Amino acid sequence: MHKIILNNVRVYTNHGCLTEEELIGSEYRVDLEVTTDLTKSSQTDDLNDTVDYVYLNKVIKEEMAVRSKLLEHVAQRIIDRIFTDENMVKEIQVKVSKLNPPLGGDVEMVTIQMEQSR
């Protein structure tokens, strides 16, 4: 098995439980790793034989644009959508981080990580 990894996808959106987070929004970081078989595409050099990382980035941006109170809710939507649309993907690991979260202290980011296989 092989991996396709998108690191540090930055998105500005409005997730969170606080009213201020909904109104003002904040910056988020998403890291995505999918496990698939890249043997065929490495030989054919054909985009149709692989998982398109442009598509993966699009899913991240579209799902991050839909407001959620919890980061794990957004992460699960990303996982569900990729599994629904991409039969070649066997495993997904996604990290969703809120940068500079409103915790009343100096915290760089809070991250949730979810992994799922089929």
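The values are calculated or read from the model by the stated rules, or taken from the named source; none is laboratory data. Note that this is a predicted model, so its numbers are computed, not measured. With ideal geometry, Cβ positions are generated from the backbone for all residues, glycine too; neighbour counts draw on all protein chains shown. When the accessible area is computed, the model is the full protein with side chains, heavy atoms only, and any ligands, DNA or RNA have been set aside. Shrake-Rupley method; radii C 1.70, N 1.55, O 1.52, S 1.80 Å.
Pairing each residue of the range 48-66 that is on the phi < 0 side of the Ramachandran plot and among the hydroxyl-bearing types (S, T, Y) with any residue that is open to solvent by less than 40 Å² (accessible area, probe 1.4 Å) and assigned to a helix (DSSP H, G or I), provided the two are 6+ apart or on different chains, yields C-beta distances under 6 Å for T50/S41. Per the listing L6, L32, the residue uniquely assigned to a strand (DSSP E or B) and under 16 Å from Q116 (Cα atoms) is L32.
In the range 19-48, which residues are polar (S, T, N, Q) and closer than 22 Å to K90 by Cβ?
Those that are polar (S, T, N, Q) and closer than 22 Å to K90 by Cβ: T35, T36, T39, S41, S42, Q43, T44, N48.
Exactly one residue among N48, N14, N87, N57 is more than 30 Å from M1 (Cβ to Cβ) and not charged (D, E, K, R), and that residue is N14.
Scanning the range 90-104 for residues that are open to solvent by less than 50 Å² (accessible area, probe 1.4 Å) and in a loop (DSSP other than H, G, I, E, B) turns up just one, P101.
Hey, any hits in the range 72-89 for a residue that's in contact with a helix residue (DSSP H, G or I) (Cβ under 9 Å, 6 or more places away or on another chain) and either over 22 Å from S117 (Cβ atoms) or part of a strand (DSSP E or B) (or both)? No, the range 72-89 has no match at all. In the range 69-82, is there at least one residue being open to solvent by less than 70 Å² (accessible area, probe 1.4 Å), among the basic types (K, R), closer than 17 Å to Y12 by Cβ and under 17 Å from the mean Cα position of the chain (by Cα)? The answer is no; no qualifying residue exists. Scanning the range 51-68 for residues that are in a loop (DSSP other than H, G, I, E, B) and either under 12 Å from the mean Cα position of the chain (by Cα) or buried (at least 19 other Cβ atoms within 10 Å of the Cβ) (or both) yields V51, A65, S68.
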